[in-house]
Every structure is written in C-alpha cells, then in structure tokens.
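Notes follow the structure.
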Amino acid sequence: MVHSAEARAIELGLVIPDYANPPYGGRYGSSLRAFHRTGDLLELSGITPESRDGVMVHPGSVGVDITLDQAQEAARYTAVNALGLIRYALGSLDEVVALSRGLCFVLCPPGFERLNEVSNAASDLLFDVFGPDVGRMGRASIGATALSRSACFELWLSLECRPRSAA
C-alpha cells in the first residue's frame, strides 16, 4: 500500500494553511518568496509559528518568556505551516519524495541546551505525516538570541520532490 501524506494529514485532523492568499512574505517585504525549486530540490523560506492573519503563537524566549511545552506546541504549529508551503509549491503533499534537511532556530537564552526537544516536535509531526521512508531527515538545531517578531522557533526545510512531468 502506498503511503499518502495528504490522507495522513486528514487522518491527523491537521488544519493546513493556504499560502496563496495572502501570498507568503507580503507583509514583511516584497523581495521575499515562499520557496525556490531547482530540479527536484525544493527549499522553503523560513517558516515560523505564525497564523495567516499575522498572530505569532507563543512568542518569546524558551525558558524565559515561554515554557518548553509552549515552544514544542509552536514548533508543531510551524511544521503544519511548512505543510502549507509545500502544498503551495507542489500542489500536494504527495509530491514529496524525501525530506532532506531541517534547520531549526530556537529563541533561547545562552546556556539553554534543550534545543533538540523543541525541534523534535516539528520533526516528529513531519515524520508522522510523511512516514518513515519519506519523513526522516537530517536536522540541526541552533539556539538564537533573537528571531524576527520574537518567534520562538523558525524552520528552514529542504526536500526532494517528484520530477515535473514533461509538457
């Protein structure tokens, strides 16, 4: 049986945002774009735990302004936003062949060492949607003392997608 990420997202009850309206980046700069595709490689722009109407989920520094649990919730929210950007770029989550790399930034004070626990929340959700063959990726988690708009988490995601069909 072929795994369908679209079917799995529905099964999980995920509400995946539509990044076509309003277009990604519009309120933060006209030079931004949601993704870049070269061949079968898709690189998403930075994704934060922000709703489509601009409300940031759990802003602030982990361990100072928000709890680890809140940061994990925000990281999961960010992963769902990533699904929206993937759909925007490819039309369907089922066009993903493999997740390649996740670069995670966690807003935290110096000395905070539980970065992986925050990032795991995003990685685990993506793994759950895409399954073990497609959803495993390489990942790095970096502590940051500042992120735009006080986002507690930001994700840069790279993935392999199905080749475009010849027209």
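The values are calculated or read from the model by the stated rules, or taken from the named source; none is laboratory data. Keep in mind it's a predicted model, so treat the numbers as computed, not measured. Counting neighbours? That spans all protein chains shown, and the Cβs are built from the backbone with ideal geometry, glycine included.
Values as computed for the structure displayed
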quantity: Criterion (surrounded by 12 or more Cβ atoms within 10 Å (Cβ to Cβ), in contact with a strand residue (DSSP E or B) (Cβ under 9 Å, 6 or more places away or on another chain) and closer than 29 Å to residue 143 by Cβ) met by exactly one of 14, 90, 85; calculated: 85
quantity: Candidates 74, 79, 122 - the one that is modelled with pLDDT of 95 or more, crowded, with 20+ Cβ neighbours inside 10 Å and out of contact with any helix residue (DSSP H, G or I) (no Cβ under 6 Å at 6 or more places or on another chain); calculated: 74
quantity: Residue in region 39-58 that is in a strand (DSSP E or B), at pLDDT 90 or above and loosely packed, with under 10 Cβ neighbours inside 10 Å present; calculated: no
quantity: Residue identified as part of a strand (DSSP E or B), closer than 26 Å to residue 62 by Cα and of a type outside the set (Asp, Glu) among 140, 98, 121, 146; calculated: 140
quantity: Enumeration of residues in region 101-111 that are part of a loop (DSSP other than H, G, I, E, B) and either closer than 10 Å to residue 144 by Cβ or in contact with a Cys (Cβ under 8 Å, 6 or more places away or on another chain) (or both); calculated: 108
quantity: Subset of region 129-151 (residues that are out of contact with any Leu (no Cβ under 9 Å at 6 or more places or on another chain) and among the basic types (Lys, Arg)); calculated: 149
quantity: Lone unmet requirement of (1) surrounded by 17 or more Cβ atoms within 10 Å (Cβ to Cβ); (2) free of Cβ contacts under 8 Å to residues at least 60 places away in the same chain for residue 113; calculated: (1)
quantity: Residue tally, condition more than 21 Å from residue 90 (Cβ to Cβ) and either among the charged types (D, E, K, R) or modelled with pLDDT under 95 (or both), over region 140-167; calculated: 3
quantity: Search result, residues across region 59-71 that are surrounded by fewer than 17 Cβ atoms within 10 Å (Cβ to Cβ) and of a type in the set (A, V, I, L, M, F, W, C); calculated: 64, 68
